[in-house]
Amino acid sequence: SPEPLAYLEKRGLIHPELIEAFRLGYANRTLGYRLPSKDSQAGEAMRGRLQKLGLLRESGHEHFNGSLVIPVLDAAGCVVELYGRKILPDHKQRPGTPLHLYLPGPHRGIFNLPALQPSKEVILCEALLDALTFWCAGFANVTAAYGTEGFTEEILEALKAYGIERVLIAYDRDAAGDRAAAELAKRLQGHGIAPFRVLFPKGLDANAYAQKVQ
């Protein structure tokens, strides 16, 4: 679809293998057309499963409608979490519309899990789009938390299991990012992992900074 392609270009996320490598998608209200009729037993059962997962809301609308969708995959390549980023301009969104969406329930999975396997050092971003920014710039050893409060125990256990020795914390350079990075550094040190802070200029995140220094 042209809308998410334009959004990726606007954010500087330009790489010939990006969409395939991370199985990026776009929710545009066409999911219902791809399902069996809602009047059929199969269609009703499938919609029930999708509502249970959180992909469809009780109203029948797509949860991620209007969003660029990034899946988080496990070691077997199965989707365990989804992140959606609304891409319409702010003036076309209803007031109060959340720009960032996930599946209901606790966060699961480690974004870009293969990055942990070959490296002793990993870049940890605050957001998935920031991680994609590093990846497009040639830094494959990158993963992401789910926001400033979204560094999960599962991510920590994966870092330990893969023998990661150094984590470069590339959180946003704002009050929330600085505070979360400091707390995370202490947590990592407690598990024998050396933390370093990637310092962007004040007020910038990885993606915003990358766009300024092309």
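Here is how the numbers come out for the structure above:
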| read-out | value |
| --- | --- |
| Residue list for segment 75-84, restricted to those being open to solvent by 40 Å² or more (accessible area, probe 1.4 Å) and either under 18 Å from residue 55 (Cα atoms) or touching a helix residue (DSSP H, G or I) at 6+ places or on another chain (Cβ under 7 Å) (or both) | 75, 78, 79 |
| Filter result (over 25 Å from residue 50 (Cβ atoms) and open to solvent by 60 Å² or more (accessible area, probe 1.4 Å)) within segment 97-119 | 114, 117, 118 |
| Among residues of segment 54-74, those that are in contact with a His (Cβ under 9 Å, 6 or more places away or on another chain) and either assigned to a loop (DSSP other than H, G, I, E, B) or open to solvent by 40 Å² or more (accessible area, probe 1.4 Å) (or both), counted | 3 |
| Qualifying residues in segment 126-150 (those that are within 13 Å of the chain's Cα centre (by Cα) and closer than 19 Å to residue 163 by Cα) - the one surrounded by the most Cβ atoms within 10 Å (Cβ to Cβ) | 144 |
| Those residues of segment 23-41 which are of a type in the set (A, V, I, L, M) and outside any loop (DSSP other than H, G, I, E, B), in sequence order | 31 |
| Residue within segment 64-71 that is touching a Gly at 6+ places or on another chain (Cβ under 7 Å) and small (Gly, Ala, Ser) present | yes |
| Pick from segment 158-178, criterion assigned to a strand (DSSP E or B) and touching a Cys at 6+ places or on another chain (Cβ under 9 Å), ranking: surrounded by the most Cβ atoms within 10 Å (Cβ to Cβ) | 170 |
| Meets criteria (modelled with pLDDT of 95 or more, of a type in the set (Asp, Glu), outside any strand (DSSP E or B) and closer than 25 Å to residue 81 by Cβ) for residue 20 | yes |
| Filter result for residue 139 (outside any loop (DSSP other than H, G, I, E, B) and closer than 29 Å to residue 211 by Cβ) | no |
| Positions within segment 76-113 being hydroxyl-bearing (Ser, Thr, Tyr) and more than 22 Å from residue 18 (Cα to Cα), in sequence order | 97 |
| Number of the exception - residue 151 against (1) part of a loop (DSSP other than H, G, I, E, B); (2) more than 24 Å from residue 176 (Cβ to Cβ) | (2) |
| Matching residues in segment 189-210 - criterion: being in a helix (DSSP H, G or I), free of Cβ contacts under 8 Å to residues at least 40 places away in the same chain and either closer than 14 Å to residue 174 by Cβ or in contact with a helix residue (DSSP H, G or I) (Cβ under 8 Å, 6 or more places away or on another chain) (or both) | 208, 209 |
| Condition met for residue 23 (touching a Ser or Thr at 6+ places or on another chain (Cβ under 6 Å), closer than 30 Å to residue 137 by Cα and either open to solvent by 30 Å² or more (accessible area, probe 1.4 Å) or in contact (Cβ under 8 Å) with a residue 60 or more places away in the chain (or both)) | no |
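The values are calculated or read from the model by the stated rules, or taken from the named source; none is laboratory data. None of the values given here were measured: they were computed from a predicted structure. Glycine gets a Cβ as well: all are built from the backbone with ideal geometry, and neighbour counts include every protein chain shown. We work out accessible area using only protein heavy atoms, side chains counted, and drop any ligands, DNA or RNA first. Shrake-Rupley method; radii C 1.70, N 1.55, O 1.52, S 1.80 Å.
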